[in-house]
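A short worksheet on the structure shown next.
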Amino acid sequence: MAVATQTLPPMAVPDDDDVVTRRNLGWKKFSRHRPALIGTVVLLVFVISAVFAPLLSHYDPNAIDPVWQGTPLAPGVNGHILGTDELGRDLLTRLMYGARISLSLAVTAMFIEVVLGTIMGACAGYFGGWVDYIIMRVTDVFLSIPILPLLLVLTGIVAATSVKSSLGPVFVALIIGLLSWMTVARLVRAAFLSLREKEFAEAARAIGSRNVSIMFKHLLPNAAAPIIVQATLDVAGIIILESALSYLGFGVQPPTASWGNMLTNAQENMQIAPWAGIFPGICIFLTVLAINYMGDGLRDALDPNVE
Amino acid sequence: MLTYAIRRSLQAIPLLLLISMILFSILHAMPGGGLAAYAGNPHLTAADIERLRHNLGLDRPLYVQYFNWLWRVLHGDWGWSTLNSTTVVEAFLERLPATLELMITSFIISLIIGLTLGILAALRPYSALDYFVTTFAFFGQSMPSFFFALILQLLFAVKGIHFQAFGYAFDFQLPSAGIISTDGGDFVDRVRHLVLPVTVLALLQVATWSRFTRASMQEVLHTDYMRTAAAKGLPFMTILLKHGLKNGMMPVVTVVALTIPFLVGGALITEQIFAWPGAGRLFITALGQQDFGLLMGYLVLISILVVFFNLIADLAYGWLDPRVKYD
């Protein structure tokens, strides 16, 4: 967080603990936002269980149990803490491996979206004129195409034209990222429009800095706060989008587990194995809720107008 | 204002043309090139497919095909649906009533509940109700629609709720699929089929709109003109309705207008889960069959809705708020 590098004027009592920097002021505000703090802890639990999945579980996430196939075991039976699904696979293990896919996919898509949106918005806001006009019209076009149906078509095309395995999580992340940069672009553009007129931008130009250096070294750090908040909230949105896509059978393909595709068969098996649908759903819901609260806390923490 | 409205409407035309071009090129990347429906037909030889391709103009350059498509669309011909063996327009008209029934019902219900909750929360900030509304908004926005649908089906449709109280046996069970019972049904039957899908669709809207209304109303309630109105001794309801709501609703109108096209998109998942015979479900079926005409029709139709409601939101804002200047 580049905003944090600027320090406020020293306080009256220059005791080490009392020096209020923008960074620990932000952290103070964030930690006062209790839901955001709880959200961070919840998310950390999910991230840790995803990272250490092989250590935390001795089951293979894709191993079909020949004995119990077709007879899902209830939570707690035979050492399966959350039970098994209709193919006899351990649910908790699949959830942890699914978290790897769902979380990393969302973060990857978010990075693509933020980088693309920042470049687009920065160029539009900094250069103005016809560059701005063209980029904003392209933004309008992408904002007017509803993302879910378009995603369904695109993933459908790839699934049909090539082998199923190419429709990997990386590919899904790529399409989602390429189709959701518009909000970030608009945010960055709005920030750059006012920032480029500031004295420090003027000064950078006066000493002969190149455009690219002014844009990304001088202006961008000052536009970081809204981007960080938007990026956080977008991770939540992307998790929902990916899980909806995978639920409908167009996203991450089985047997690779993602939280979304674990729910695909849950509807049919609702009578005999409700847990197979409920637990993945709860994971999606809790993660998204946690991230939304974190975004809210970050908004408060990074907004200089909120005391 | 009028010149602004006309200029904005004219700007929509190149936008829609560009969108349709992009969609057209994307859909043409589909395998089978619009003839996928015939590819598996044993009565057709490869030569037949070639002849079809030639007769339908599918062997011509993409831009020629696009302009042919555009020309026909401008004359009201949206093409042929290989899935239904009808025209695309007929296929959509058949499905539209079901989608509209679902959307309009959930739209009205979410509007009433969302705005009421938002206004009440704004009137009593930091009360129990306010905390409930804020928390509900976060939960509602974080709940994936398909999971919420699954829970509702589990609770109310799979087993239903049966209990005994006051000497009566209560049996509460709702249908989880379709728009009406297969053996025909009356009005009550239709309403019973509506309950679950409408609840799923409304959740996100109620969550978003209540939060937005609360924020906007809170801002308005603290303005000087509200204090002036109160100081003049106007009755509370007059202040709230004439001064508060009129100003507080301006940003809400924009948000609501912008959500409408996405309600159509969101209905896609809901329609799929509840086997609702609407346009969204038709789109998903068309996707499996690579029905070019239907897919193109649906995508362009929704894009038109997005552009149209963007325009409406813009104009409504200027109309509601005389302070907005156009030049």
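Which value, in Å² and to the nearest 10, is the accessible area of A:ILE207 when all protein chains are kept and the probe is 1.4 Å?
140 Å²
Just reorder A:GLU202, A:GLU268 by solvent-accessible area, largest first, 1.4 Å probe, all chains present.
A:GLU268, A:GLU202
What nm distance separates the two modelled labels at B:LEU320 and A:ASN24, each placed 7 Å from Cα along Cα→Cβ?
Once both label points are built, they end up 4.6 nm from each other.
Relative contact order for chain B using alpha-carbon pairs under 8 Å, separation at least 6, rounded to a whole percent?
Dividing the mean separation by the residue count of chain B yields 25 percent.
Rounded if a/c is under 1.5, else prolate if a/b is larger than b/c, else oblate: which is segment A:248-307, with a ≥ b ≥ c the root eigenvalues of its Cα gyration tensor?
Cα axes put segment A:248-307 in the prolate bin.
Taking only Cα atoms, what is the 0 to 90° angle, nearest 10, from helix B:46-55's long axis to the longest principal axis of chain B?
60 degrees
Rounded to the nearest 500, what is the 222 nm mean residue ellipticity of chain B from helices alone, with -39500 (n - 2.57) per DSSP H run of 4+ residues and division by all residues?
The per-residue figure over chain B is -23500 deg cm²/dmol.
Stretch B:TYR4-B:ASP59 to full length: gain in nm at 0.36 nm per residue minus the Cα-Cα span?
15.5 nm
Tell me, what is the FRET efficiency for B:LEU111 and B:ILE49 to the nearest 0.05, using R0 = 56 angstrom and their Cβ-Cβ distance as r?
It comes to 0.65.
Once you have the alpha carbon radius of gyration of the protein assembly as shown, what is it after dividing by 2.2 N^0.38 Å, with N set to its residue count?
After normalising by residue count via 2.2 N^0.38 Å, the value is 1.05.
So for each of B:128-141, A:145-158 I average, over its residues, the number of other beta carbons within 10 Å; can you give me the resulting order with the highest mean first?
Ranking the peptides B:128-141, A:145-158 by packing returns A:145-158, B:128-141.
Across 10 Å bins from the origin, how do the percents of Cα pairs in segment A:191-259 run, short distances first?
It works out to 18, 29, 17, 17, 15, 5, in whole percents.
Given a Förster distance of 51 angstrom, what is the FRET efficiency for B:ASN68 paired with A:VAL67, based on the Cβ-Cβ distance and rounded to 0.05?
0.30
Report, in whole Å, the centroid distance computed from the Cα atoms of segment A:243-307 and segment B:280-327.
Distance between centres, Cα-based: 27 Å.
Just reorder A:LYS198, A:LYS28, A:LYS217 by solvent-accessible area, largest first, 1.4 Å probe, all chains present.
Listed by decreasing accessible area, they come as A:LYS217, A:LYS28, A:LYS198.
For chain A, what is the mean residue ellipticity at 222 nm derived from helices alone (per DSSP H run of n ≥ 4: -39500 (n - 2.57); sum divided by total residues; nearest 500 deg cm²/dmol)?
-20500 deg cm²/dmol
With each label point set 7 Å from Cα along the Cα-Cβ vector, what nm distance links A:LEU286 and A:ASN78?
The answer from the label model is 2.5 nm.
The values are calculated or read from the model by the stated rules, or taken from the named source; none is laboratory data. As the structure is a prediction and not an experimental result, all values here were calculated from the model. Heads up, the Cβs are rebuilt from the backbone with ideal geometry, glycines too, and the neighbour counts pull from every protein chain shown. Ligands, DNA and RNA are excluded from the accessible area calculation, which covers all protein heavy atoms including side chains. Shrake-Rupley method; radii C 1.70, N 1.55, O 1.52, S 1.80 Å.
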